[in-house]
Each structure stands twice: as C-alpha cells, then as structure tokens.
Amino acid sequence: MNVLSVDLGTSNTVAVLAAHGRPPRVVDVDGASMMPSAVFAAEGGELVVGRDAERRARLDPARFEPNPKRRVDEGTLLLGDQVVPVTDALAGVLRRVVDETTRQLGGGKPDEVRLTHPAQWGPVRRNVLLSAARQAGSGSNLALVPEPVAAAAHFASFPGQTLAAGQALAVYDLGAGTFDVAVVGATQSGFAVLAEAGLPDLGGLDVDQALLEHVGRAVSHRDPAGWQRLLRPESTSDRRAQRTLREDVKAAKEALSRHPQTEVPLPDPFDDVLVSRVELEALIRPGMLRSVELLAATIRTTGLTPEQLVGIYLVGGSSRIPLVAQLIAEQLRVVPTSLDQPETAVALGAHHVPQEGITLRTGDMSGAVDAVARTRAVIPPRTGGFTSGETATVQHPKFPSGPQQRPAQQNPPSRPVPAQNPGPHAAAPRNPQSNPVPAQNQQPRMNSQPLPQQRQPQPGPHQQAPHFPQQRAGSNTKLWVVLGSVGLALVLVLSVVLATTGGSDVADCSDTKTDSQGFTGCMRELASQVAERNCQSGMRINGETLDTDGAAAVTCDLGNGYSALYYQFPNQNQVMSNIEQAFTEMGSSRSASTSAKWSGAGLTGTYYAVDLGGQGLLFFTVDDTPLLGAVVSIGGGSSTPLVDYFTSTVKPGA
C-alpha cells in the first residue's frame, strides 16, 4: 500500500512517501526536501506555487502570498487584481506535491493520503484542508492526523526512544506561523492528545518581523521616508526591495543560530547592519518565555510533572534556536529532545501512526455535513496505564485514541536525549511585553482518584495535585458529541472525568447512587420536571446509545430535535472545564456566549448558550454544586430560540 503523508506548513510543505514496501522517505519537490508553501497568481489566471512562486514574486510581489495557511480563516486572498479562495491556494500547493508523487510512482496515485494539522484546528479549518486535498486530486482515501500525534509517533519510531503504553510525551512545536504545545499519551494501539494549547502570535515569521524592526531602529533615521517605503511599498520597485530585505532578514536570523554575529544587507541609501546573537535573543526572549510557560501550564493540566514525562520533543524549524532548549532546561529542569530534522518530524511521524490513531476520514466529514448527530465514546481503562483494547475510535482528529491515566510509577520515564546541533530558526512575539498566556480550556486528564472517605484540599494554581496510589477501575470517561447540518460542523466536547484530585466533593452531592433512570439525587433535583419525560441513563443522542461505564450521566429526549443532558461531577472545577472545552471546539468561547443567571425550584445558577438558528448548545450550572446540565438542539423543526426553550421547558420548576 502506497501512503503519502503531507505536512502543509505555514512557510514550507513536507511530503513523505512509503511505497512498494520500502521505508518512508521524504519526497523531493523541485530538488529539495521542503517546498515553500507560497502561491503566485499569474496574469493569465494560473496559480504558481513553491519555488516558482518565489521566483515570480520578484517580478510582481503584489501577486504573491508566501504563507496562505496563515490566512486560512480569511476565505479569500487578493493577489494582484485576482481574488483567490484560500482553498484554491492550499489546493495548488497540495496539487504540486501530489503531481510529483504521482510522477515518482510511475503514474500511479497514492492509495492513501494523510494530512497533518494543528491539534487546535476546529471543524471549519479541517474542512478547508480536506476540500483543498480533494480539489488537488488526492483521491477519496484521505485521513487527518493531529500534528502532535504525528510528532509523538516520530519520536517513538527512533531506536533507543521509548514511548510505551501508559507513558506521555510533551511536544513543543514552534513553526513559522504559530506555536503549539501538546501532551500526548501512548495507548496499546496509538496515541491520545491529553492536553494542548497554542500561541497564534508566536512563530518564525514574528522573529523576522522583530529583527526587521530592530534593524529599522538602527538605520531609519538616515532616510525616514525611504524606510517607510520599504515597510509600506507603493510601487513595484518598492515591493521588490521589501521582498529582498525580508529574505535577507530571514537569512540573518538563521545565520545567528549558527554564528555569534552576522550582517544584514540593506538597499541604498542604508548601510548594512551588524547584528549579534545576543541582540536577537534579547528581542525574542519574552516570546520564548511565554512559550515555555505555556508548555509548563499545559503539562500541569494533565496532572503530571515534567520529570514524569518520557521527554519534551522539539519539532518545527523555529525550535532549532539554542535559546529554546536553554529556557526549557532552565525553567522545567528537563533537557528537551531533538531528533533528525525538526522540519520533517511531523510528516515522517504521520506514517507511524497506526490506523486506530487516524481519527477523521473523508467519509466522516461528509457525514457531518449531512445533518446527523453522531456520538463516540472512549471507554475508560479497567486497569492501570493506557488500555486501548476497550477503546472505540473517536471520530475526531483532536482526540485520536485512548483513555488517559497517570503512568504507572513502576515505569519511570526514560532519560531524554539532549537537543543537538541547534540551527537556523527562531521565534519571537509580535508583542514582547504581553503577559504569558496560560493553557486554557484544559482539564486534568491523568489524575488519580482520592482514597475513599478522604477529602483532599484543593491545590492552588501552582501546586501539584496530590497522588494517591489506589485507583478506582473505570475512573475516566470521555464523551464526544458531533452535531452536523448542511453548511455546519458543530463540535461539542463533553469530557466527563470522574477521577480527579482537583477539588473537594460537595457534601450535598456526595451520594452518587443512581436510580432506574440513571439520576443521582442531585441530578434529579436539577432535572426537576424534565425527569418525568423520556429519560434514560447514559449518553443517548439521535438514537445511538453509549456505555458510559458508570458515569453519572442521563439523557432526556424532549422531541423536536431537543435533548437535555445531566451530569454529576466530583467537583466544580470539572464543570467549568467542560464548558470551556466545548465552546472552544465549536470555535467560540464562554465569554462570547449568551449568558445570564437563572433560578427555579429553589436552585440558582448560570446558563451559557450558543444559538445557531434552530441548532445550538446551552449549558446551565448550579451555584456551589458540581452539576452540569445541557440542552442540545440538532434542528428538529422547532423555531423556538434555545434560551426561550430552556426557560420555558428545561429550567428547573418551569
């Protein structure tokens, strides 16, 4: 089986082919292992990509876009006098890769094409990538692989590196356009993203901009108007000069990863500027510190410490800068690992992800567009470590496989391999003075269950959650609900984590015994009059039933496309964590939702709603109680606004 993996990056695209039973190899396009992800709109309407696009850009820079992936949310690009859909631009880049692969296969097409994507990409962006791949002639057998999963698979493929079931690896991915960090756990048959976060304003391109501004401060006084023309070109000659300047700045940045100083050549009338590595590191240190602090915060959300990980793996070209490894070692007391070429790690690793870990295929996405509501569950392990034999594959690229639990203490992580031969790329923030961004919308996913009859104090934001050796079988459960309609891919994540040390049980809801419908006493009080409707234990969406393996969950079918869901958590931290995660997956946020206080039947709380005209999601919480309710509308014909429906039908005492 011939398999092609493509990592369409912000600045460069890497393709890897495994054909005729041979090991995976990087596909050379135009004689190089990396092809620029650039596009150029020729006057005749032809879309030129890669190095040809960069050459054509010297003639007419206004028709050139060097980083179309960074503009995936914009819909269209204005290249000269042509409006080019972003999908067409990405399809042009992928088509060049597919054509070259087809040529190397003697005219045959790959049997399968795997496309990597950032773990944080939601359904809209993933749809753009899939549409571009289909348009590029990649065939129908397409699969999406989250980049940190591919990176973890690449790490585990190297001799001497271990990532056994039950162990976890942090992936630090600093590319040209963005910074992403994830903690990936290994299962018996694949990998699972335990936590992830990112900084959209940090990448190699931002380093280039910081260095350009540094150079400008040194020379612009000589001809302020001329420098402004370089920054804001008005003529073709100005654009050519700007492009040449940016290329020289980028080359200087890369040289400073190899040498202590270098010169940046400048056009007349400006003199060349000598810059040093010390100067560059002073510029980018605030941004690098932000990335390391986000890495530490993301690791903390899993309940692990850096020392408990197998390692911290550096990928992405900009991770080559020595300052990255230096700050990680200083701040986290762990020497990060760098293997092979960080630019090719993701594309190579995609080949090592097992079929069980490939989470979204073209059929799945097209089904989401046809107005169905599907649900998949990850069944929790019954014994220690990660167990995949009980796992139903999740139809979502961000959660490739497997439940999560703290790695067994008898399997200590192996010593990470020191980063070697740091090289040409670095990153800096657009706003170096901004505060570090914490990992958001994450919840502890690998913590242990407190001992029975013991209450544990809630750890502070910088404290490590206590570890208790005894664990309850079936302690972790994850639930995904994918809601779809024509023109809509609405993703809701309801992560029910029943084992956590992140808070104390509320006394009023300490009784978790359930009745014949699946309600605990507290859940029935929240359900109020809805409990008399068609309610059943567990998750039951659109006729599909899930085994929640003991989770305190109830689904009530209210008719007309409405369902009410009720959950009881061990503590309130999990309530808000689920809400944040759900809205993030929908491409929204809790702060952007419609929210207000509610009261009824002696209870008070807050609701958060996203109403998409007959379809949507509303969460409602109860003050000082670890309960969560949800109203889901999948468009069954009712035109009642979601908030009005909640108030009139679902709200306790309505």
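The values are calculated or read from the model by the stated rules, or taken from the named source; none is laboratory data. Here the structure is a predicted model, which is why all the values come from computation and not from measurement. Don't worry about glycine lacking a Cβ; one is built from the backbone with ideal geometry, like all the others, and counts go over all protein chains shown.
Annotation note: Cβ proximity below 6 Å between a residue of segment 319-342 that is outside any helix (DSSP H, G or I) and a residue that is among the hydroxyl-bearing types (Ser, Thr, Tyr) (sequence gap 6+ or interchain) occurs for Ile321/Ser257; Thr337/Tyr313; Pro342/Ser319. Is it the case, given these coordinates, that Gly108 is surrounded by fewer than 18 Cβ atoms within 10 Å (Cβ to Cβ), outside any helix (DSSP H, G or I) and at pLDDT 90 or above? No. Residue-level analysis places Gly550 outside the set of residues that are of a type in the set (Gly, Ala, Ser) and modelled with pLDDT of 60 or more.
Check Gly204, Gly185, Gly166, Gly175 and return the single one that is in contact (Cβ under 8 Å) with a residue 24 or more places away in the chain and on the phi > 0 side of the Ramachandran plot. Working first, answer last.
Details: Gly204 fails: on the phi > 0 side of the Ramachandran plot; Gly185 fails: on the phi > 0 side of the Ramachandran plot; Gly175 fails: on the phi > 0 side of the Ramachandran plot.
The match here is Gly166.
Among the residues making up segment 59-112, those that are more than 28 Å from Asn141 (Cβ to Cβ) and touching a strand residue (DSSP E or B) at 6+ places or on another chain (Cβ under 6 Å) are Arg63, Phe64, Glu65, Thr76, Leu77, Leu79, Gly80, Gln82, Val83. Kindly indicate whether any position in segment 566-582 is modelled with pLDDT of 90 or more, part of a strand (DSSP E or B) and more than 24 Å from Ser510 (Cβ to Cβ). Within segment 566-582, none of the residues are modelled with pLDDT of 90 or more, part of a strand (DSSP E or B) and more than 24 Å from Ser510 (Cβ to Cβ). Pairs linking a residue in segment 46-68 that is within 9 Å of Arg240 (Cα to Cα) to a residue that is of a type in the set (Ser, Thr, Tyr) and assigned to a helix (DSSP H, G or I), with Cβ atoms under 7 Å and 6 or more positions apart or on different chains, are Asp60/Thr236. For segment 38-70, the set of residues classified as buried (at least 24 other Cβ atoms within 10 Å of the Cβ) and either touching a Lys or Arg at 6+ places or on another chain (Cβ under 6 Å) or not assigned by TED's automatic domain parsing to the domain that holds Ala136 (or both) consists of Phe40, Ala41, Val49, Gly50, listed by residue number. Annotation: of all residues in segment 116-133 being closer than 20 Å to Val27 by Cα and not aliphatic (A, V, I, L, M), the one that is farthest from the chain's Cα centre (by Cα) is Thr116.
For the residues Val97, Val113, Val145, the requirement of being closer than 20 Å to Val26 by Cα, in the same structural domain as Asp73 (by TED's automatic domain parsing) and within 23 Å of the chain's Cα centre (by Cα) singles out Val113.
Ala170: in a helix (DSSP H, G or I), in the same structural domain as Leu327 (by TED's automatic domain parsing), in contact with a Pro (Cβ under 8 Å, 6 or more places away or on another chain) and not acidic (Asp, Glu), yes or no? Working first, answer last.
Working: in a helix (DSSP H, G or I): no; in the same structural domain as Leu327 (by TED's automatic domain parsing): yes; in contact with a Pro (Cβ under 8 Å, 6 or more places away or on another chain): yes; not acidic (Asp, Glu): yes.
So Ala170 fails the test.
Here Ser157 fulfils each of the conditions (1) outside the structural domain of Ile299 (by TED's automatic domain parsing); (2) under 24 Å from Met1 (Cβ atoms); (3) out of contact with any strand residue (DSSP E or B) (no Cβ under 9 Å at 6 or more places or on another chain) apart from (1). Note on segment 134-167: residues that are among the small types (Gly, Ala, Ser) and out of contact with any Phe, Trp or Tyr (no Cβ under 8 Å at 6 or more places or on another chain) total 11.
The set of residues in segment 289-318 being among the aliphatic types (A, V, I, L, M), within 19 Å of the chain's Cα centre (by Cα) and either assigned by TED's automatic domain parsing to the domain that holds Ser11 or not in a strand (DSSP E or B) (or both) consists of Val292, Leu294, Leu295, Ala296, Ala297, Ile299.
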